[in-house]
1. Do we have residue 32 as within 16 Å of the chain's Cα centre (by Cα), part of a loop (DSSP other than H, G, I, E, B) and over 30 Å from residue 5 (Cβ atoms) here?
2. Checking the condition touching a Gly at 6+ places or on another chain (Cβ under 7 Å), assigned to a helix (DSSP H, G or I), without any contact (Cβ under 8 Å) to a residue 24 or more places away in the chain and surrounded by fewer than 18 Cβ atoms within 10 Å (Cβ to Cβ), which residue from 21, 97 passes?
3. Of the residues 98, 76, which is closer than 17 Å to residue 29 by Cβ and touching a strand residue (DSSP E or B) at 6+ places or on another chain (Cβ under 7 Å)?
4. Any residue in the stretch 105-127 that is at negative phi sitting within a Cβ distance under 8 Å of a residue that is part of a helix (DSSP H, G or I) and among the polar types (S, T, N, Q)? List the pairs, counting only those 6 or more apart or interchain.
5. Taking the stretch 42-60 as the search range and keeping residues that are within 13 Å of the chain's Cα centre (by Cα) and not in a helix (DSSP H, G or I), which one is surrounded by the fewest Cβ atoms within 10 Å (Cβ to Cβ)?
6. Please specify each residue of the stretch 100-115 satisfying the condition of being surrounded by fewer than 15 Cβ atoms within 10 Å (Cβ to Cβ) and farther than 19 Å from residue 47 by Cβ.
7. Report whether or not residue 39 is under 19 Å from residue 110 (Cα atoms) and either in a helix (DSSP H, G or I) or at pLDDT 90 or above (or both).
8. If residue 14 meets every condition in (1) surrounded by fewer than 12 Cβ atoms within 10 Å (Cβ to Cβ); (2) under 17 Å from residue 73 (Cβ atoms); (3) basic (Lys, Arg) apart from one, which number is that one?
Amino acid sequence: MQERFETFTVLINRISRNIRKIKNQEMAEYNLRSAHISCLYYIYTLDRATATDLCERCEEDKATISRTLEYLETSGYIARDTESAKRYKSPLLLTEKGREAGKKITDKINGVLDAISDGLTEEERVAFYRSLSIISESLEKIVR
């Protein structure tokens with residue numbers, strides 16, 4: 001039982017650490033961090049998003065998303081569609097600089113996903129994601 005726990009926690013931690021490293025290494029030239037990358041990715045793939053949308057998709061709290069969006073806005077990556085709406089509900093759009101970073105982020109993510117799926121059949125990949133979902137949902141029930 002202890003070996004199963006150690007294997008599970010070590011592998012999950014290693015995967016998480018490597019994802020953060022990839023995000024940080026690849027985006028160093030843009031001076032972006034992990035949360036910045038997730039927000040830019042979702043705004044790029046959705047074409048526009050609100051802070052509320054990003055909280056849900058990034059699985060981050062409102063304070064983290066607010067700080068991230070403040071950085072991205074002051075750094076010229078995003079702009080608000082309108083100032084008349086409440087800031088948290090205001091649609092966010094990418095600037096030219098943001099679109100360039102968003103494209104690079106999306107291309108890198110797609111390349112990483114292709115590389116990690118290389119040794120898996122389609123059935124194995126589907127089963128893997130299904131298993132991860134079950135584990136995630138089970139852990140959610142435990143921490144509630």
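The values are calculated or read from the model by the stated rules, or taken from the named source; none is laboratory data. Nothing here was measured: the structure is a model prediction, and the numbers come from that model. Note that we place each Cβ from the backbone using ideal geometry, even for glycine, and neighbour counts take in every protein chain shown.
1. Yes, satisfied.
2. Matching residue, one of 21, 97: 97.
3. 98
4. 106/45; 125/117
5. Residue satisfying both the conditions and the ranking: 59.
6. Those that are surrounded by fewer than 15 Cβ atoms within 10 Å (Cβ to Cβ) and farther than 19 Å from residue 47 by Cβ: 111, 113, 114, 115.
7. So residue 39 passes the test.
8. (2)
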